[in-house]
Amino acid sequence: MGAVAKYTKGWIWWLIVIGIAALVVTAAVISFRRKSHHNKASPVPGPPGAIDKKYAQALSIALQFFDVQKSGKLVNNRISWRGDSALKDGKAAGLDLSKGMYDAGDHMKFNFPMAFTATVLSWTILEYGDQMSASKQLTYAQDSLKWITDYLINCHPSDNVLYIQVGDPDKDHKCWERPEAMTEERPVMQVNTSIPGTEVAAETAAALAAASLVFKTINSTYSDELLQHSKQLFTFANTYRASYSISIPQVQKFYNSTGYTDELLWAATWLYHATGDLSYLRYATVENGKAFADWGRPSWFSWDNKLAGTQVLLSRVNFFGSKKTTSAESSGLQMYRETAEAVMCGLIPDSPTATTSRTDDGLIWISQWNSLQHPVASAFLAVVYSDYMLTSQTPALSCSGKSYTPSDLRKFAMSQADYVLGDNPMKLSYLVGYGRNYPLQVHHRGASIPTDANTGCKGFTWLESTAPNPNVAVGALVGGPFQNDSFIDVRNNSMQTEPSTYNGAVIVGLLSGLVTTSSVVQSFI
């Protein structure tokens, strides 16, 4: 009996110990889960999902258009029919402005849209670098970005001077020639304290700040140089406020700006991400948010209007948190996110607030000129926002009382991408080189003229030819369809057949967001 009591007491003792241990473990698990739940708002690196072969192939093609558009002495040239060009650009001003990229089917360097190209390409790499790496395209994207940022650095020889254009558009458009054969004079244009240009200076600041993050772990010295130029340009843009369209009226014919306040917010937002300096966040939220951001009113993201991009990018801060933000700053961030949600609600087809500006086949359609820029840019923002929701484990957004999930946004983004790639009434891929059926008469000087042709400036026979281009402008995203989903593949139809470098950036962004079956965004603050 004594032995039984002894063992009974022993088991009771062990049961007490096991019970205490279980309580400790339970408490630890609960604590961990609470911490995990709390940390759900932090962006965490995650492996990309399986490669989607369709989007991967399209991405590899789209990135080649940057090689088609390169100016200067080419390095690792992937385009057999391209060669060195514009090697003397900037020489008259004592600068090397030979790099950069031509704007569209012409040989102009318009820095306002080119800087936007660099900003969007940087954003894409920052969000989807892992996905691009998994599809073996990251290095190409980084190299193309640096080709532009090298040029933009050289365009900024002093604090308050920024060269914003190379070439005379009127003279350039009176020629039809290969870039390698150009002989005409290529003047340069600048903004400065006497001739300010806030939007182009601020967009360049945004581009260099975003790019500084891309190169931070690759080349820290170069990253620091980019950031230094960005800070100087933002100060210049903000101090000497004036639209470049007013300071230099001749730019209105090509890239007329509708205002500079969106670029100031965009630049400040990128500088906040690049530096962590809360003064930039305060600039965008407390100091200028109410006056500049047009909160509550959705808009279209483009080379001219950066508001929707800024709203999505600052939603990132709202989703994942920011250190030491004041209540006023947090309130401003919430307003940006609410406006970004209004943008998203306008894109989802069956949302109560869905835009009716679409073709019958479901493509967002805003403008007959370069009609694809808005649907592709919108789809890029949608896939980014959907991944913010997924990464932060935000289950849904509300559109006038109706809920939508991240997969709804991704489905919309895929619908626009698929339309571009051939799922449309014309059964035509608007991405040149992708699929079996794509435009053959792209409005592009270099692509339309054989490499051995000696045309001089007046090679208009090739513009007017009804034959397919002798060279394929691989990766070019052409202007796009009419509102009735039709397309006329004629070289002189520049409204529909001319590609642009900045459209190249947004299609690369969209495809990078879709190239793997799932995405988790990365922390880059």
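The values are calculated or read from the model by the stated rules, or taken from the named source; none is laboratory data. What you are looking at is a predicted structure, and each value in this text was computed from that prediction instead of being measured. Cβ: placed from backbone, ideal geometry, glycine included. Neighbour counts: every protein chain shown. Keep in mind that these areas ignore ligands, DNA and RNA; they rest on the heavy atoms of the full protein, side chains included. Shrake-Rupley method; radii C 1.70, N 1.55, O 1.52, S 1.80 Å.
Odds and ends about this structure:
- Counting the residues of region 154-181 that are in contact (Cβ under 8 Å) with a residue 40 or more places away in the chain, of a type in the set (A, V, I, L, M) and surrounded by fewer than 20 Cβ atoms within 10 Å (Cβ to Cβ) gives 1.
- Flag if residue 324 is modelled with pLDDT under 95 and surrounded by fewer than 19 Cβ atoms within 10 Å (Cβ to Cβ): yes
- Residue list for region 172-202, filter: small (Gly, Ala, Ser) and within 15 Å of residue 111 (Cβ to Cβ): 197, 201, 202
- Residue 191 vs. criteria closer than 21 Å to residue 119 by Cα, free of Cβ contacts under 8 Å to residues at least 60 places away in the same chain and open to solvent by less than 40 Å² (accessible area, probe 1.4 Å): yes
- Qualifying residue in region 504-525 (condition: out of contact with any helix residue (DSSP H, G or I) (no Cβ under 9 Å at 6 or more places or on another chain), open to solvent by less than 20 Å² (accessible area, probe 1.4 Å) and modelled with pLDDT of 95 or more): no
- Selection within region 266-300 - in contact with a Phe, Trp or Tyr (Cβ under 9 Å, 6 or more places away or on another chain), crowded, with 24+ Cβ neighbours inside 10 Å and either within 19 Å of residue 378 (Cα to Cα) or of a type in the set (Val, Ile, Thr) (or both): 269, 285
- The set of residues in region 78-103 that are within 22 Å of residue 509 (Cα to Cα), in contact with an Asp or Glu (Cβ under 8 Å, 6 or more places away or on another chain) and open to solvent by 10 Å² or more (accessible area, probe 1.4 Å) contains only 78.
- Number of positions in region 275-329 that are polar (S, T, N, Q), under 18 Å from the mean Cα position of the chain (by Cα) and over 26 Å from residue 224 (Cβ atoms): 5
- Looking across 519, 512, one residue alone is under 17 Å from residue 383 (Cα atoms), part of a helix (DSSP H, G or I) and of a type in the set (Ser, Thr, Tyr). It is 512.
- Criterion (under 24 Å from the mean Cα position of the chain (by Cα), open to solvent by less than 10 Å² (accessible area, probe 1.4 Å) and closer than 13 Å to residue 65 by Cβ) met by exactly one of 417, 447, 473: 473
- Screening residue 496 against (1) touching a residue at least 24 places away in the same chain (Cβ under 8 Å); (2) not in a helix (DSSP H, G or I) leaves a single unmet condition, (2).
- Only a single criterion out of (1) farther than 16 Å from residue 202 by Cα; (2) crowded, with 24+ Cβ neighbours inside 10 Å; (3) out of contact with any Leu (no Cβ under 8 Å at 6 or more places or on another chain) is not satisfied by residue 314, namely (3).
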